[in-house]
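> Questions regarding the structure given below will be posed in turn.
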Amino acid sequence: MAQVKTDQTKFLLSESELPRRWYNIRADMPSPAQPVLHPGTGEPVGPDDLAPLFPMELILQEVSEEAEVAIPDEILDIYSLWRPTPLYRARRLEHALGTRSRIFYKYEGVSPPGSHKPNTAVAQAFYNAKEGRTRLSTETGAGQWGSALAFACTLFGLECKVYMVRISYEQKPFRRSLIQAWGATIVPSPSDETQSGRAVLEEHPDSPGSLGIAISEAVEDAAGREDTAYSLGSVLNHVLLHQTVIGQEALAQMEQAGAFPDVVIGCVGGGSNFAGLAFPFLREKIAGREIDVLACEPTACPTLTRGLFAYDFGDTSKLTPLVPMHTLGHDFIPEPIHAGGLRYHGVAPLISQLVLDGLVRAEAYLQNDVFGSAVEFARHEGIIPAPEAAHAIHGALLSARAADEAGEERTILFNLSGHGHFDMAAYDNYFAGRLEDVALDEAEIQRAQAALEGLPTPA
Ligand SMILES: Cc1ncc(COP(=O)(O)O)c(C=O)c1O
């Protein structure tokens, strides 16, 4: 077990230590992820199939097997507004818990929109602007991604249209304002602006929406306009790639701390912040180092712990290619829990494959337990976590407790993917005892997974 050299709280890197390359785990994975398929032909999709939706540079990153991809200077220049982000040792929390373990966290909430999401938003806006697109469309759950893309688009002079999941649009009015402050246009999803939205509203006029529905709307918007590309905030290989600046910085900061994690933890919606922290550490694990890599999700949307590994659509209206991933079924609509960014029926194919290969494991938590841990964290460390990130905190607290019970000392590192300053209504509900714990029953899982019938099965 590595000994921590100092009793320092913050581990900081200088701007000159910003990673110059993104790390592509595809180069090192023991089993390659299976190809994404064209739903019409059942054949792997090629760059030309994706060209109407994405700029070629991102498509090439999506299929790249190079271990490292250089980060353009224009992107590094913008990253330097908030990166490198700090890594903290949670000494006060450790003390309050009375744990023998050391708990570190990487804090992505220092970015202007308040989460890890601009790490890819800035890259995506850059490549789209470079290739002549003038407008981007996207979906957003809790609003973190929509605000990150609005922020990135304003820096590159692009228009931005955001379809925000209706329940979050209502629960988080100030994320909406933030998106507007950065100049983007926003509508609640399902909306009457697209065929996909209208179809859902016809059947379910009170639909709370879901990321799957909002993705359908944003894809339809982009497919119907020459000037517009679609931008996704998670799941895809290139998105996970852009997030790896997090883990690369964390590796250097843990070294500064004279420590190396036994456990690396992140919350998982589509998987991008988890991948961002974990992939550079998984590189070490694949090379032989022992690390427990834990993905945390809500019991209301237990994609990795209870989903099937199958080919499925990334959206509700079946507009996307077929993606090999753990899924609850493309028409599954998760209960409106407050971690809006974790309400997605699928997960990144790269993470699915790593789970299948036993390199990553997953746990699912109830929202009241998660908020309990978030409040405990806030009372000792000060930062109010986003409800999504609070899943990682809960995972870290459980890991520390388990270590104490086993008489072990662990070095635990988790990703605090964002702050919760726009999520205080959720905290209000928690304090008032109004949060419902949702554990999905098996019958609903079976019903939703019937949507997978007739789709190709992964090899
Ligand atoms: C703060 C925060 N963490 C995590 C997530 C989940 O997304 P991902 O799994 O892509 O990191 C979101 C999504 O909105 C988020 O806002």
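Values in this text are rule-based calculations from the coordinates and carry no lab data. Everything quoted here is computed from the prediction, not taken from an experiment. Glycine also receives a Cβ, built like all others from the backbone with ideal geometry; neighbour counts cover every protein chain displayed.
> Treat the count of other C-beta atoms within 10 Å as a stand-in for reagent exposure and order Ser317, Ser207, Ser231, Ser115 from fewest to most.
On the way: Ser317 21, Ser207 17, Ser231 31, Ser115 28.
Least crowded to most crowded, the residues run Ser207, Ser317, Ser115, Ser231.
> Follow-up question, since we're still on this one. What order do you get for Ile213, Ile25, Ile71 when you list them from fewest to most C-beta neighbours inside 10 Å? Intermediate values should be presented prior to the final figure.
Working: Ile213 31, Ile25 25, Ile71 18.
Ordered from fewest to most neighbouring Cβ atoms within 10 Å, Ile213, Ile25, Ile71 come out as Ile71, Ile25, Ile213.
> Follow-up question, since we're still on this one. Give me the dipole magnitude in Debye, nearest 20, for the chain about the Cα centre, with unit charges on the beta carbon: positive for Lys and Arg, negative for Asp and Glu.
Working: 35 positive and 60 negative charges, 245 e Å.
Computed about the Cα centre, the dipole is about 1180 debye.
> Can you bin the range 60-110 into rounded, prolate or oblate? Criterion: square roots of the alpha carbon gyration tensor eigenvalues sorted a ≥ b ≥ c, rounded for a/c under 1.5, prolate for a/b above b/c, oblate for the rest. Provide the component values of the computation, followed by the final result.
Values: a/c = 4.96, a/b = 2.13, b/c = 2.32.
In terms of gyration-tensor shape, oblate.
> With a/c under 1.5 counting as rounded, go ahead and sort the range 420-459 into rounded, prolate or oblate using the C-alpha gyration tensor (a ≥ b ≥ c being the square roots of the eigenvalues; past the cut-off, prolate if a/b is larger than b/c, else oblate). Let's see the in-between values first.
On the way: a/c = 5.42, a/b = 2.48, b/c = 2.19.
Judged from the Cα gyration tensor, the range 420-459 comes out prolate (a/c at least 1.5, a/b above b/c).
> Let me ask you something else. Which of Phe126, Val264, Gly233 sits farthest toward the positive end of the charge dipole of the chain, with +1 on the Cβ of Lys and Arg and -1 on the Cβ of Asp and Glu?
Farthest along the dipole direction, towards plus: Val264.
> Moving on. Which percent of Cα pairs goes in each bin when the distances of the range 106-227 are cut into 5 angstrom slices starting at zero?
Going from the shortest bin to the longest, the percentages are 2, 13, 22, 23, 20, 12, 6, 2, 0.
> Over the Cα atoms of the chain, what Rg and Dmax result, in angstrom?
According to the Cα coordinates of the chain, Rg and Dmax are 20.4, 62 Å.
> Any chance you could check the Cα centroid distance between the range 103-154 and the range 53-67 for me, in angstrom?
18 Å
> Further question on the same structure: Can you give the direction-averaged projected area of the convex hull of the alpha-carbon atoms in the range 230-278, in nm²? Walk me through the numbers on the way to the answer.
Numbers: hull surface 13.8 nm².
So the Cα hull casts an average projection of 3.5 nm².
> Using amide H atoms built 1.01 Å from N in the peptide plane, name the residues 5+ places from Met164, or on other chains, whose amide H lies under 5 Å from its own.
Placed amide hydrogens put Thr140, Val187, Ser189 under 5 Å from Met164.
> Further question on the same structure: Could you tell me the ratio Rg/Rh of the range 219-315? Both radii from Cα atoms, Rh via Kirkwood. Could the numbers behind the result be given before it?
Working: Rg = 16.5 Å, Rh = 15.4 Å.
That ratio equals 1.07.
> If you take the alpha carbon radius of gyration of the range 389-459 and divide it by 2.2 N^0.38 Å, what ratio comes out, to two decimals? Provide the component values of the computation, followed by the final result.
On the way: Rg = 18.8 Å, N = 71, 2.2 N^0.38 = 11.1 Å.
Working it through for the range 389-459, the quotient is 1.69.
> Quick check on the range 1-140: what does the Kirkwood estimate of hydrodynamic radius come out to from the alpha carbon pairs, in Å? Working shown, then result.
Details: mean 1/r = 0.0539 Å⁻¹.
Roughly 18.6 Å, rounded to one decimal.
> Along the charge dipole of the range 163-308, which of Thr244, Gly209, Ala287 sits closest to the positive end, that is, farthest toward it, with unit charges on the beta carbon of Lys, Arg, Asp and Glu (+1, +1, -1, -1)?
Going by the charge dipole, the pick is Ala287.
> While we're here: In whole Å, largest first, what are the principal axis extents of the Cα atoms in the range 357-434?
The principal-axis extents, from largest down, are 36, 29, 21 Å.
> While we're looking at this one, here's another question. Could you put Tyr23, Tyr430 in order, starting from the residue whose Cβ has the fewest other Cβ atoms within 10 Å? Walk me through the numbers on the way to the answer.
Values: Tyr23 24, Tyr430 19.
Going from sparsest to densest Cβ surroundings: Tyr430, Tyr23.
> Same structure again: Treating the Cα atoms of the range 285-430 as identical point scatterers in vacuum, please give the log10 of the normalised Debye intensity I(q)/I(0) at q = 0.11, 0.17 Å⁻¹, two decimals.
Computed log10 I(q)/I(0) values: -0.47, -1.02.
> For helix 118-130, report the angle its Cα long axis makes with the longest principal axis of the Cα atoms of the chain; keep it between 0 and 90° and round to the nearest 10°.
40 degrees
> Here's something else I'd like to know. On a 0 to 90° scale, report how tilted helix 211-223 is relative to the longest principal axis of the chain, with both axes built from alpha carbons and the result rounded to the nearest 10.
Tilt of helix 211-223: around 50 degrees.
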